[in-house]
1. Filter segment 89-101 down to residues that are within 19 Å of I135 (Cβ to Cβ) and either polar (S, T, N, Q) or surrounded by 16 or more Cβ atoms within 10 Å (Cβ to Cβ) (or both) and give me whichever is modelled with the lowest pLDDT.
2. Can you give me the number of residues within segment 30-89 that are of a type outside the set (A, V, I, L, M) and assigned to a loop (DSSP other than H, G, I, E, B)?
3. May I ask you to list the residues in segment 158-167 that are in a helix (DSSP H, G or I), touching a residue at least 12 places away in the same chain (Cβ under 8 Å) and not charged (D, E, K, R)?
4. Is there any pair linking a residue in segment 116-137 that is on the phi < 0 side of the Ramachandran plot to one that is exposed (fewer than 12 other Cβ atoms within 10 Å of the Cβ) and in a helix (DSSP H, G or I), with Cβ under 6 Å and at least six apart or on different chains, and which?
5. Anything in segment 142-151 that is over 20 Å from the mean Cα position of the chain (by Cα) and either loosely packed, with under 12 Cβ neighbours inside 10 Å or assigned to a loop (DSSP other than H, G, I, E, B) (or both)? List them, or say none.
6. Take the residues in segment 108-135 that are exposed (fewer than 14 other Cβ atoms within 10 Å of the Cβ) and out of contact with any helix residue (DSSP H, G or I) (no Cβ under 6 Å at 6 or more places or on another chain); name whichever of them is farthest from G28 (Cα to Cα).
7. Would you check which residues across segment 168-199 are within 29 Å of E36 (Cβ to Cβ) and either under 17 Å from the mean Cα position of the chain (by Cα) or free of Cβ contacts under 8 Å to residues at least 24 places away in the same chain (or both) and list them?
Amino acid sequence: METNLQEQLNRIVERKSKATQLDNLIQGYRLYAQTEGKSQKTISITITAATSLRDFLKANGFPTDVAEIGAQELREFILHLQQVKAYKYHPFTRPQDKGLSGHAINCYLRAIRAFWSWLGREEIILSNPFAKVRIPKAPKKVIPTFSESQMQALLGVIHTPTPVGFRDWTMILTLLDTGLRASELVGLTVKNVNLDDGIVKVNGKGAKERIVPTGARSAKHISAAKHILKLRQATGRKATARKRLGCGG
């Protein structure tokens, strides 16, 4: 009788332990993030960061049960990131001789902190060790802008008499005029362009819609690009199914 009871208790403990293992929870986070509409980039970064933490813990004999991972283990991981080679955890790029940048370290740790916040909301953990861990700040870096001569050289190599060349010219002018992200411009559709009001509607980070004003020059070229697209469709030329301004070959 006592033996059977002990076996049942052992099975309960084993199931509970499996439920709080990083391996299982990483997959659980993926499901949560997808159903919550998180962007694929956000999901990928968080999964990569959590997986790198799991691999580090396993390799160094630390627990991978989130109930047992505390501030000390996280600080050990931060020290590891500060010493590891760049792109060690990248799925497609080979490791390099230089170390991880401060921005990369900050990105990894913020992703893992977001993962732990999810664990707290799901009541998988009772306390969050990040309450005791300070994430190293990313270094401030001023990104240099293109000079006027560089922009003239860039625009000068585009052969605007061709449809593709005119499209590229229009895309670059729109980027300069509106400050859109490249991904937002590529995803811009004809129906989301309102030239009468001088605005475009784009899907930004986290699938959030936003309205962006356009200048007179870029609006003029977008209007011409729309006209070219209509002509190509009328003459039977192949166009993308969603009529993307940025992807019409």
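1. Y89
2. 14
3. P163, V164, F166
4. Partner pairs satisfying both residue conditions: none exist.
5. V142, P144, T145, F146, S147, E148, S149, Q150
6. Applying the filter and picking the extreme gives R134.
7. If the condition is that a residue be within 29 Å of E36 (Cβ to Cβ) and either under 17 Å from the mean Cα position of the chain (by Cα) or free of Cβ contacts under 8 Å to residues at least 24 places away in the same chain (or both), then L180, R181, A182, S183, E184, L185, V186, G187, N192, I199 are the ones that fit.
The values are calculated or read from the model by the stated rules, or taken from the named source; none is laboratory data. Nothing here was measured: the structure is a model prediction, and the numbers come from that model. Every residue, glycine as well, gets a Cβ built from its backbone with ideal geometry; the counts of neighbours run over all protein chains shown.
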